[in-house]
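Throughout, read-outs are computed from the coordinates displayed, never taken from laboratory work. All figures in this text were calculated on a predicted structure; none of them were measured in a lab. Cβ: placed from backbone, ideal geometry, glycine included. Neighbour counts: every protein chain shown.
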Ligand SMILES: [Zn+2]
Ligand SMILES: [Zn+2]
């Protein structure tokens, strides 16, 4: 099942959606930053990676994204995908 794997590192992403639950139950909604936004930004910078809209990344990849992208958070407001 593709939804249960991180598209970046291919590990299990522990996403609630992969278990047939609502996205609101997923850890990715509870991280303090917008996972969807981070992923979108990441994909913009890495066009070779394709991510299903219904697919989460894993926690460590999201942490990675946050670490590399949050310093430029000031740009987020003017960023339009
Ligand atoms: Zn990952
Ligand atoms: Zn998720």
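Based on the inverse mean of 1/r over its pairs of different Cα atoms, what is the Kirkwood hydrodynamic radius of the stretch 2-78, in Å?
Details: mean 1/r = 0.0791 Å⁻¹.
The Cα-based Kirkwood calculation yields 12.6 Å.
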Next item on the list: Would you mind ranking 8, 49 so that the residue whose beta carbon has the fewest other beta carbons within 10 Å leads the list?
Entry: 49, 8
Margin query: Testing the spin-label approximation: label points 7 Å from Cα along Cα→Cβ at residue 2 and residue 63. State their distance in nm.
Written below: 2.8
